Amino acid sequence: MKTFSFIIPTFNHYSLLHQILLDIYQKCSPVLEVIVVDDASTEEDYKNGLKWWKENKMLPIRHVRIKENVGFLKASNIGLKRAEGDVVCLISNDVRIHKDIVKGILDALSGWKGGALVGGRFIDFDSGWNTFNNKVFGYLEGWLFATTRNAWNELFYFDEQFAPSDMEDVDLSTKAYALGYDLVALPSDMTHHIGGQSITYGSEREQITLANKEKFRQKWMK
């Protein structure tokens with residue numbers, strides 16, 4: 001039986017963290033660990049709420065506290081590198097889980113002997129940021145990524161040149177595909193990504209996205 005790790009990068013927004021932990025507790029098969037990567041959260045309700053989850057032992061929570069806020073991408077890498085499960089799932093805190101994705105991910109991985117990267121949704125059309133010189137780069141959206149711990153090591157996690165976030169999911173998907181992995185989406189009724197909660201949309205994020213698109217172009221369009 002393969003052991004399973006969840007990685008949840010977080011910054012404040014305790015209500016989101018509480019809901020996804022509750023979803024894991026109520027909907028998912030038992031796991032080895034749930035690593036909550038606390039990206040220098042400052043809100044008291046976050047600190048008190050996380051303390052409650054750790055003390056009640058409903059889930060095997062490991063709390064990784066980062067002293068300075070580093071953003072989604074680097075916080076994700078910190079958690080991924082500390083995972084001990086055979087299979088490791090990175091999931092955003094603004095996701096709702098409706099069915100047992102632990103079983104779903106394990107089943108998905110077992111069906112692809114050549115290796116697979118599993119996600120919540122696969123985008124195979126022009127989403128506005130994955131087309132370069134008329135070539136569409138299909139990708140798994142970054143709110144859920146899962147594969148074996150060995151595969152994460154081979155993929156070398158997220159490329160930190162895309163920090164703090166955006167385009168890292170297109171880049172990881174492209175890298176996985178180049179290494180011979182299949183990109184596999186879970187059935188759509190298993191999860192729901194609320195979106196725009198932990199990382200909000202706006203002009204500042206748009207500038208980061210545009211800069212990261214250029215980094216992606218330089219990396220993959222040579």
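Structure above, values below:
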| item | result |
| --- | --- |
| Residue within the stretch 128-143 that is under 15 Å from F6 (Cβ atoms) and part of a strand (DSSP E or B) present | no |
| Single residue of A83, A108 found to be among the small types (G, A, S) and in contact with a helix residue (DSSP H, G or I) (Cβ under 7 Å, 6 or more places away or on another chain) | A83 |
| Test: residue in the stretch 107-116 that is within 29 Å of L183 (Cα to Cα), assigned to a helix (DSSP H, G or I) and open to solvent by 60 Å² or more (accessible area, probe 1.4 Å) | yes |
| T174, sole failed condition from (1) surrounded by fewer than 21 Cβ atoms within 10 Å (Cβ to Cβ); (2) closer than 30 Å to K27 by Cα | (2) |
| Enumeration of residues in the stretch 26-58 that are more than 19 Å from the chain's Cα centre (by Cα) and among the hydrophobic types (A, V, I, L, M, F, W, C) | L50, W52, W53, M58 |
| Elements of type helices (runs of 4 or more DSSP H) in the stretch 1-103, at least 1 residues being surrounded by 19 or more Cβ atoms within 10 Å (Cβ to Cβ) and in contact (Cβ under 8 Å) with a residue 60 or more places away in the chain | 14-27, 72-82 |
| Filter result for D166 (over 22 Å from V34 (Cβ atoms), within 14 Å of the chain's Cα centre (by Cα), touching a residue at least 24 places away in the same chain (Cβ under 8 Å) and not in a helix (DSSP H, G or I)) | yes |
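The values are calculated or read from the model by the stated rules, or taken from the named source; none is laboratory data. Keep in mind that this is a model prediction, so the values were computed, not measured. In this analysis, Cβ positions are derived from the backbone assuming ideal geometry, glycine residues included, and neighbour counts consider all displayed protein chains. With ligands, DNA and RNA removed, areas are computed over all heavy atoms of the protein, side chains included. Shrake-Rupley method; radii C 1.70, N 1.55, O 1.52, S 1.80 Å.
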